[in-house]
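Here is the structure we will look at.
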Amino acid sequence: MLVRYGHRWSERLPVADRPMLETRYRLLRRVASAVVLFLAVGALLFSIPATREYAQAVFASSAVLGLAVGFAARSTIANFVAGVMIAITQPVRLGDRVQIGDADGQVEDIGLTYTRLRTPDNRRVLIPNEELASSRVTNQTLVDSVSLARVLVTVPLSADTARVRELLAGLVLVAPGRLGDRPDPGVAVAELTADSAVFSLGVWVADPQTAVQTAAWLREQTLARLADDGMFRGAEASIAK
């Protein structure tokens, strides 16, 4: 019932606030469940005469037991404390697209000890909360989910640069997912080498997932347009992310 009430309450919130509050609600709910379970077991032991003396002895020595358990499970406790801090400070939220170390994906769950990411190829990466709290986190959707779909195109210096710019500029205007209310980065010469010019073309899209799809479309269409225009005859060209 509490879960259903929590979901109903979350649905009434502004869309921008839901990930933050849902993250805190889910973690605090698990903490509360663990505390209630511990108290329930203690109450049960005290209510049964056969186990009352045992329960009294256990609780009387709880300080020593706590030190022993704390020493043995210091890593687990550190992850638990880090999980609470994550829920409060919100460096990541449910649904955020993040990069932590060499792991890149969407935050699927923040548990008491681990945070679970879903990668673009649908794998699950479990990151200890202590590691997450002490690592540098790149959050691509914390403030604004708008992302840049960007492609680099290398052409020989002998190519007609004005023609290359014209071909690439036409792709920018029709790129799928392009946000029309933001000025496009457009087409520009990003780098020059001794024998080639590197063009950059990019558009703003709604989110990182769309950016991946739009960049793939830009690469495919760039290859087709340059090939149709004869840019590959007698020279080599390359397209990168």
Worksheet item: Taking Asn129, is it assigned by TED's automatic domain parsing to the domain that holds Val81 and in contact with a helix residue (DSSP H, G or I) (Cβ under 7 Å, 6 or more places away or on another chain)?
Response: yes
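Only residues that are without any contact (Cβ under 8 Å) to a residue 12 or more places away in the chain and closer than 18 Å to Val146 by Cα: list them for the stretch 212-230, please.
In the first step, residues of the stretch 212-230 are kept if they are without any contact (Cβ under 8 Å) to a residue 12 or more places away in the chain; the result is 216, 220, 224, 227-228, 230.
Once the filter is applied, which keeps residues that are without any contact (Cβ under 8 Å) to a residue 12 or more places away in the chain and closer than 18 Å to Val146 by Cα, the stretch 212-230 yields only Ala216.
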Discussion item. Of everything in the stretch 215-228, what is within 21 Å of Asp104 (Cα to Cα) and surrounded by 19 or more Cβ atoms within 10 Å (Cβ to Cβ)? Give them in sequence order.
Written reply: Ala215
Item to complete: Kindly indicate the residue of the stretch 191-214 that is under 22 Å from Ser158 (Cα atoms) and surrounded by fewer than 15 Cβ atoms within 10 Å (Cβ to Cβ) and also nearest to the chain's Cα centre (by Cα) among those meeting that condition.
Response: Glu191
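The values are calculated or read from the model by the stated rules, or taken from the named source; none is laboratory data. From a predicted model like this one, the values you see are computed outputs, not experimental measurements. No Cβ is skipped: glycine too gets one built from the backbone with ideal geometry, and neighbour counts run over all protein chains shown.
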